[in-house]
Amino acid sequence: MSSLFTRRGFTPGIFSISLALCAGIAVAGILWPDTLAGSISEVTSAVFSSLDWFFMLVVTGFLVFVVGIAVSPYGRLQLSKDGEGTEFSTTSWLAMLFAAGMGSGLLFWGVAEPMFHFVAPPVGPGGTVDAARHAMVLTNFHWGLHAWAVYCLGALVLAYFHFRRGTPFLAGSPLRSAFRGAWVEPVAGTADLIAVVAVAFGVAGSLAMGTFQLRTGLASVFGTPTGVVVTVCIMVALFAAYMTSAATSLDKGIKILSNINMGIAVALLCFMLLVGPTPDLLRTLVTSVGDYASSVVGLSFELYPYKGIGGWLHSWTLIYFIWWIAWTPFVGIFIARISRGRTIREFVAGVLLAPTGFSIVWFAVFGGFGLHEEMNGAGGVGDLVKEDVTVALFTVYERVPGSAVLALATLVLVFVFLVTSVDSATYVLGMLTSKGSMDPPRSRKLAWGVALAILGAALALTGNLDVVRATAVLGAIPFTFVMLLQLAAFVRALREDVP
């Protein structure tokens, strides 16, 4: 084992191992999709059935910890060496956190998730006023403070060790810095490897889900079929776009596209608020904030032990929580890199509250619009969502003026979100498999681009959203234990650095 890892990070052998592992699973998914899907579903189901209580406590514990460290005397510590200031203004920093919270996921689930919980709630009858309110609470619970607490902890640990101790942005760096002993390097190297797999699987899952939504959107706008040929064409177009960006290092262009995407997303949000039942949507927003605030503590420990709905919990809450863990090595690096000079208290407040607040507003408008249509409008949205969740957003668009323009804008949003996300992922994966180098070899980024395309295609061709979600969290299950080790290293470092 010692020959595989070095004190400085990855050796070339780890790059080969991680790439071969991801590519092998991808090829297996293309050649034997049913077998792979069944195997992955069995593994995740077995883990969730035995350890659902553990993952719920871990994610809730992350939230309690980051809030606790922020209000403690440690909250005054800066994520920088003495005398170093912040790299970005507070306004720019919050704007970038806002950008980190956006993505194709909010577009995919903005209408679909509240509607799904409304028609098929975990407890009680569906289609009622209480079901509508609880649907908004559950959606905000899945996308709110708990999600951003996971990102916050992962980013905080990396930022602390990087800016105060000079370590690279590798998952194992906190362990190498805080602990001593023969066990440290093998465990830290394994942590680095697990982080790579978690990022690859998580991004590939989002790539597949985005492909589903693009396929549905194209059918809605242009009447294209939704078969394998269109799926492959979408994947090829995405592959060509993000590989071109990765090969030419069009960083400025990607930043411009990202800013344009943010502008379009906010414009969509404002348009839907204004053309929809505005007073009802604003009431939904205010009520959602109150309901979420009053329910979040109870939901943080709710495992439904006496109601026999563990399957729902595993398919929704736990999948979400572990999916956030899968994205943490990716999103955490981004947040850490832009946060130099922030105090821990300022860091936690910004990372937790800004993206959570935007998500609540997003779901209140889009989810609230869908619920209003179902309960007070023409209806029919719920039945369509039960058949195919990807149609939810486009069905709601059909109820407002300019539906074709809205759908086309959404297609552009999803496409560019996916391109920028996968392009960034190729950089992060290249960095993670190049000893934390901030300028990884172009060949390494391109190799990861090919691997992500194959893995994403394998998931998309299954056509099964549940399999996609289960695969996306597969690498995150072991990374949960990596985050616990990172947390222990962080606490130890704080005690050493602050007498």
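Of the peptides 417-430, 55-68, how do they stack up when ordered by the mean number of other Cβ atoms within 10 Å, highest first?
Packing order, densest peptide first, comes out as 417-430, 55-68.
Quick one: Cα convex hull volume of the range 92-229, Å³ per residue?
Taking the convex hull of the Cα positions in the range 92-229, it is 191 Å³ per residue.
Would you mind ranking TRP148, TRP324, TRP32 by Cβ crowding within 10 Å, fewest neighbours first?
Least to most surrounded, the residues fall as TRP32, TRP324, TRP148.
Dipole of the range 365-499, Cα-centred, from +1 at each Lys and Arg C-beta and -1 at each Asp and Glu C-beta, to the nearest 20 debye?
I would put it at about 680 debye.
Across the range 136-179, what fraction of all alpha-carbon pairs, as a whole percent, falls in each successive 5 Å bin from zero upward?
Each 5 Å bin holds this share of Cα pairs: 5, 22, 23, 14, 11, 10, 8, 6, 1.
Considering only the other residues whose Cβ falls under 13 Å of the Cβ of THR395, what net charge follows from Lys and Arg at +1 and Asp and Glu at -1?
After counting each charged neighbour, the total is -4.
Quick one: compute a quarter of the convex hull surface over the Cα atoms of the range 243-346 and quote it in nm².
11.5
What nm distance separates the two modelled labels at VAL286 and VAL450, each placed 7 Å from Cα along Cα→Cβ?
My value for the distance between the label points is 5.8 nm.
Give me the dipole magnitude in Debye, nearest 20, for the range 290-354 about the Cα centre, with unit charges on the beta carbon: positive for Lys and Arg, negative for Asp and Glu.
300
Along the charge dipole of the range 58-181, which of LEU107, PRO168, ALA95 sits closest to the positive end, that is, farthest toward it, with unit charges on the beta carbon of Lys, Arg, Asp and Glu (+1, +1, -1, -1)?
Of the listed residues, the answer is PRO168.
Of all alpha-carbon pairs in the range 113-169, indicate the percentage at a distance above 12 angstrom.
68
Please provide three numbers in whole Å: the alpha-carbon extents of the range 154-205 along the principal axes, with the largest listed first.
Between the extreme Cα coordinates on each principal axis of the range 154-205 lie 36, 26, 12 Å.
Only Lys, Arg, Asp and Glu count, each charged at its Cβ (+1, +1, -1, -1), so figure out the dipole size of the chain about its Cα centre, rounded to 20 debye.
1580
What translational D, rounded to a whole number of µm²/s, comes out for the range 415-499 from Stokes-Einstein when the hydrodynamic radius is the Kirkwood one over Cα pairs, at 10 °C and 1.306 mPa s?
103
For the range 35-81, what are the per-bin percents of Cα-Cα distances with bins 10 Å wide, up to the bin holding the maximum?
The calculated distribution, bin by bin, is 22, 26, 22, 17, 12, 1.
If neighbour count is taken as other Cβ atoms inside 10 Å, put LEU193, LEU384, LEU484, LEU19 in order from fewest to most.
LEU484, LEU384, LEU19, LEU193
Roughly how many nanometres apart are two label points built 7 Å out from the Cα toward the Cβ at LEU31 and VAL129?
5.9
Please give the residues of the range 163-177, grouped as numeric ranges, whose backbone N is less than 18 Å from a label point set 7 Å along the Cα-to-Cβ vector of ASP82.
Answer for the range 163-177: 163-166.
Arranged by the count of other C-beta atoms within 10 angstrom, fewest first, what order do CYS270, CYS22 take?
By the 10 Å Cβ count, ascending: CYS270, CYS22.
Averaged across orientations, what area in nm² does the convex hull of the alpha carbons in the range 317-414 project?
With every direction weighted equally, the projected area is 8.7 nm².
Largest first and to the nearest Å, give the Cα extent of the range 397-437 along each principal axis.
Ordered largest first, the range 397-437 gives principal extents of 52, 11, 8 Å.
In the calculated pair distance distribution of the chain, what percentage of Cα-Cα distances lie above 29 Å?
Value for the chain (Cα pairs over 29 Å): 48 percent.
Within the chain, how many lysine pairs that are 8 or more places apart, or on different chains, have C-alpha atoms less than 25 Å apart?
So the count works out to 5.
Report the net charge of residues surrounding PHE108, where surrounding means a beta-carbon distance below 14 angstrom and charges are Lys +1, Arg +1, Asp -1, Glu -1.
The answer is 0.
We did not get these values from a lab; they are worked out from the coordinates using the rules stated. None of these values were measured; they are calculated from a predicted model. Positions of Cβ are backbone-derived with ideal geometry, glycine not excepted, and every protein chain shown enters the neighbour counts.
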